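For reference, the structure is listed below as structure tokens.
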Amino acid sequence: MKRRARFTTGSTMRHVAVMTTTGMIGLTFMFFIDAITLFWVSQLDNESFMAAMGFAWTVQFFTISVGIAFMIATTALVSRSLGAENWEDARKQTSVFALLTFCILLITVVFLLIFRREILISIGAEGATLESASTFLLISVPSLPIMALGMIGSAVLRAEGDGVRSMMVTVSSGCVAAIVDPLFIFGFDMGMDGAALGVSVARITSAILAIYFVVKVKNLAAAITFIDIRRWYIPFTMIAVPTILTQLASPAGNLLATSVISDFGESAMAGWAVLGRVTVVAFGGVFALSGAIGGIIGQNFGARKFDRVRTAYRDALIFSTFYVFVVWSLLAILTPFILQVFNLSEGARTVIEAFNYIAAGSYVFAGALYVSNASFNNLGKPLYSTLFNWIKDGVAMLPLCIWGASIYGASGVVYGQGIAYVISGIASVIFGWWFIKQVEKTHLKVISK
């Protein structure tokens with residue numbers, strides 16, 4: 001029986017809802033590893049440890065963002081091949097992209113390990129916090145290239161339309177973390193070292209499961225030669241490089257915001273660390289949007305069904321807006337519980353409250369930005385994603401955070417970050433509609449000739 005691309009028929013809203021929901025659950029569990037780890041570290045009753053986690057995650061965010069960029073490039077290219085029903089190309093692309101991703105992440109990790117202390121010092125870590133963060137990176141960072149293989153596997157599953165198995169890959173890591181974190185931290189009395197080891201074990205588990213699904217269940221990998229690598233590395237690079245620049249914008253912006261909020265002391269940094277975990281868990285659906293709808297747009301672009309590309313873009317914006325308002329309401333209700341669970345001091349509490357009650361609403365515009373990113377990446381213009389993300393993180397973030405801090409203190413940093421989302425989100429979604437129309441016009445002219 002002939003295999004067919006999943007997203008070229010049926011309701012686009014249903015595809016958006018299913019892929020975003022499964023992507024949200026999967027991505028949430030990936031970040032849930034960090035949230036679980038932070039919870040158990042908070043039970044050590046040492047705010048310095050929690051501040052160290054904040055610094056360590058800020059640094060790792062850069063490397064993980066490179067892996068996410070490769071995921072996006074993989075989804076874009078593999079989904080196009082699947083939309084055109086060219087299954088052999090899709091299989092070879094999977095193998096080539098996995099190999100390239102592993103090698104590049106390995107080089108990145110070596111650099112990060114060598115210069116980890118200098119990087120931590122540059123963003124404000126010092127004393128016992130610096131030592132704890134440095135050790136955490138030393139233990140946990142080597143697992144990142146292996147985790148990247150799992151990310152590529154998840155991207156291929158998503159490009160094919162199997163949201164459930166893609167979700168299972170990342171859910172598995174959260175489940176493993178929930179088991180091994182308390183065992184290593186308290187059972188083996190390893191403290192922060194145990195937390196770092198638990199993160200590594202969880203990452204490796206998810207990678208193994210992803211490889212199994214892609215190779216054994218879907219048969220979407222193939223043996224490759226140097227000719228295959230030479231054929232596909234340029235198209236991959238053409239999307240991956242600007243996407244890396246795009247993905248590095250968020251950690252760069254977060255780094256700038258961290259440098260501002262660190263001036264308010266360890267208590268504010270502890271709140272910032274908790275906020276970072278709460279944000280990615282609560283708004284997993286928003287962060288999942290680019291990857292979730294990328295396959296839908298990519299398959300329909302490959303099949304030259306531009307009406308479905310437009311509809312998918314619209315439906316994703318609607319879904320994202322509704323989702324953010326629901327989550328924002330829940331965060332406001334659950335704020336007292338969150339503050340109690342993490343046992344935070346007054347300075348940390350104000351940071352959490354500023355986000356949950358007010359700044360969380362800015363994620364309506366963050367969702368618009370991520371939807372636009374998906375259209376730019378999968379329709380062949382990833383540099384547009386780079387432009388709008390760096391407007392947010394490279395141009396607007398630092399001055400807005402400094403301005404907010406000068407008026408509202410540590411809470412003002414949170415407000416400044418939210419305003420940056422609003423500016424970039426509005427600009428990107430307006431441009432995104434125009435861009436989709438231009439792509440359709442261009443391809444219709446080519447077809448008519």
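The values are calculated or read from the model by the stated rules, or taken from the named source; none is laboratory data. A quick note: this is a predicted structure, and the numbers were derived from the prediction, not measured. As a convention, Cβ positions derive from the backbone with ideal geometry for all residues, glycine included, and neighbour counts pool all protein chains shown.
Structure notes:
- Checklist (1) surrounded by 19 or more Cβ atoms within 10 Å (Cβ to Cβ); (2) within 30 Å of Gln299 (Cβ to Cβ); (3) at pLDDT below 90 applied to Ala348, failing item: (2)
- The combined condition, being at pLDDT below 85, buried (at least 21 other Cβ atoms within 10 Å of the Cβ), touching a Phe, Trp or Tyr at 6+ places or on another chain (Cβ under 9 Å) and more than 14 Å from Gly54 (Cβ to Cβ), is not fulfilled by Val274.
- Among the residues of region 278-312, those that are within 21 Å of Thr246 (Cα to Cα) and of a type in the set (Ser, Thr, Tyr) comprise Thr279, Ser290.
- Test result for Phe115, in contact (Cβ under 8 Å) with a residue 12 or more places away in the chain and surrounded by fewer than 21 Cβ atoms within 10 Å (Cβ to Cβ): no
- Within region 137-194, being among the charged types (D, E, K, R), part of a helix (DSSP H, G or I) and farther than 30 Å from Ile293 by Cβ holds for Asp181, Asp193.
- Odd one out for Ser48, checked against (1) surrounded by fewer than 20 Cβ atoms within 10 Å (Cβ to Cβ); (2) modelled with pLDDT of 80 or more: (2)
- Of everything in region 84-107 that is modelled with pLDDT of 90 or more and over 16 Å from Val214 (Cβ atoms), the residue that is surrounded by the most Cβ atoms within 10 Å (Cβ to Cβ) is Leu105.
- Residue check for Val241: buried (at least 20 other Cβ atoms within 10 Å of the Cβ) and not acidic (Asp, Glu): no
- Residues (among the hydrophobic types (A, V, I, L, M, F, W, C) and either in contact with a Ser or Thr (Cβ under 7 Å, 6 or more places away or on another chain) or within 23 Å of Leu248 (Cα to Cα) (or both)) located in region 78-95: Val78, Ala90
- Filter result (under 30 Å from Ala221 (Cα atoms) and in contact with a Leu (Cβ under 7 Å, 6 or more places away or on another chain)) within region 131-149: Val141, Leu144, Pro145, Ala148
- Count of residues meeting criterion [free of Cβ contacts under 8 Å to residues at least 40 places away in the same chain and either part of a helix (DSSP H, G or I) or among the charged types (D, E, K, R) (or both)] in region 68-102: 1
- In region 148-162, the qualifying residues are those that are touching a residue at least 60 places away in the same chain (Cβ under 8 Å) and surrounded by fewer than 24 Cβ atoms within 10 Å (Cβ to Cβ), and the one that is nearest to Val199 (Cα to Cα) is Leu149.
- All helices (runs of 4 or more DSSP H) inside region 365-449 with 2 or more residues being under 22 Å from Thr311 (Cα atoms): 382-390, 410-448
- Whether a residue is exposed (fewer than 15 other Cβ atoms within 10 Å of the Cβ), modelled with pLDDT of 85 or more and among the β-branched types (Val, Ile, Thr) was assessed, and Thr258 does not pass this test.
- Check on Gln299, closer than 30 Å to Glu440 by Cα, touching a Ser or Thr at 6+ places or on another chain (Cβ under 8 Å), at pLDDT below 80 and not aliphatic (A, V, I, L, M): no
- Hits in region 365-379 - residues which are out of contact with any Phe, Trp or Tyr (no Cβ under 8 Å at 6 or more places or on another chain) and not hydrophobic (A, V, I, L, M, F, W, C): Asn377
- For beta carbons closer than 7 Å, sequence separation of 6+ or different chains, a first residue in region 181-197 that is modelled with pLDDT under 85 and a second that is assigned to a helix (DSSP H, G or I) and surrounded by fewer than 18 Cβ atoms within 10 Å (Cβ to Cβ), the qualifying pairs are Met192/Thr135.
- Among the residues making up region 397-411, those that are under 11 Å from Ala257 (Cβ atoms) and either surrounded by fewer than 21 Cβ atoms within 10 Å (Cβ to Cβ) or over 21 Å from the mean Cα position of the chain (by Cα) (or both) are Leu398, Leu400, Cys401, Ile402, Gly404, Ala405, Ala410.
- Selected residue [of a type in the set (Lys, Arg) and within 15 Å of the chain's Cα centre (by Cα)] from Arg165, Arg158: Arg158
- Within region 213-230, considering residues that are part of a helix (DSSP H, G or I) and in contact (Cβ under 8 Å) with a residue 24 or more places away in the chain, the one surrounded by the fewest Cβ atoms within 10 Å (Cβ to Cβ): Val217
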